[in-house]
Amino acid sequence: MALNRKNRIIGIDPGLRHTGWAIVDSIDRSFSYVASGVINTDASDEMPVRLNKIHTHLKDVLMQYDPNHASIEETYVNKNYASSLKLAHARGAAIVTIGAHNIPLAEYAAKSVKKTIVGVGNAEKGQIMRMLQILVPGTNISSEDESDALSIAVCHALHF
């Protein structure tokens with residue numbers, strides 16, 4: 001990253017029910033909060049409708065805030081393969097949207113994000129939220145999904 005160059009970074013915490021997003025401006029290792037939110041889908045809707053909602057809302061966010069970098073949490077496979085596949089579908093919708101806007105995308109494992117923000121890979125949500133309030137003044141986060149997205153954006157800023 002060029003020194004003294006402002007970068008606008010979107011972090012995305014993908015999920016089929018709740019996809020969190022957060023945007024920060026970064027100059028060197030100084031951050032300012034821009035915006036965040038959650039894209040919620042209805043479990044009773046068909047998969048294409050839910051994925052389109054993620055795509056459409058995220059497209060609107062990208063057009064409004066014009067980030068020049070993007071970061072997303074990697075998919076983890078747990079014991080419930082059906083849940084992992086649903087997460088992968090939501091993640092795919094977000095990745096396609098980012099790609100359609102020609103924004104460079106970085107991917108980070110959850111443990112890597114936690115280690116970058118707090119210093120340990122098994123940090124709890126409360127620890128991460130407190131550290132984000134220190135790292136990103138003016139943070140206005142109201143959900144864990146937004147907090148996770150913000151931590152992914154800050155993690156990316158600290159790695160490139």
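Observations
- In loop segments of segment 79-131 as defined by DSSP, the trypsin sites (Lys or Arg not before Pro) with at most 16 further C-beta atoms inside 10 Å of their C-beta are K79.
- DSSP beta bridges in the chain [antiparallel fraction, %, rounded to 5]: 70 percent
- Assigned charges on the beta-carbon of Lys, Arg, Asp, Glu; segment 81-151 dipole about Cα centre (debye): 180 debye
- Hits among lysines - C-alpha to C-alpha of K115 under 29 Å, sequence gap 8 or more where chains match: K6, K79, K86, K125
- D13 sits among other residues whose Cβ lies under 15 Å from its own Cβ, and their net charge, with Lys and Arg +1 and Asp and Glu -1, is -1.
- Segment 7-159, relative contact order [Cα under 8 Å, separation at least 6], %: 35 percent
- Segment 104-154: relative contact order as a whole-number percent, Cα under 8 Å and 6+ apart: 31 percent
- Helix runs (DSSP H) in the chain reaching 24 Å along axis by Cα, Kyte-Doolittle at least 0.0: 81-100
- Our helix-only sum for the chain, with -39,500 (n - 2.57) per DSSP H run of n ≥ 4 divided by its residues, gives a mean residue ellipticity at 222 nm of -15500 deg cm²/dmol.
- Segment 7-159: radius of gyration over Cα atoms, expressed as a fraction of 2.2 N^0.38 Å: 0.97
Taken together, the values in this text are just the output of simple stated rules run on the coordinates, not laboratory data. What you see is a predicted model, and the numbers here were worked out from it, not measured in a lab. In this analysis, Cβ positions are derived from the backbone assuming ideal geometry, glycine residues included, and neighbour counts consider all displayed protein chains.
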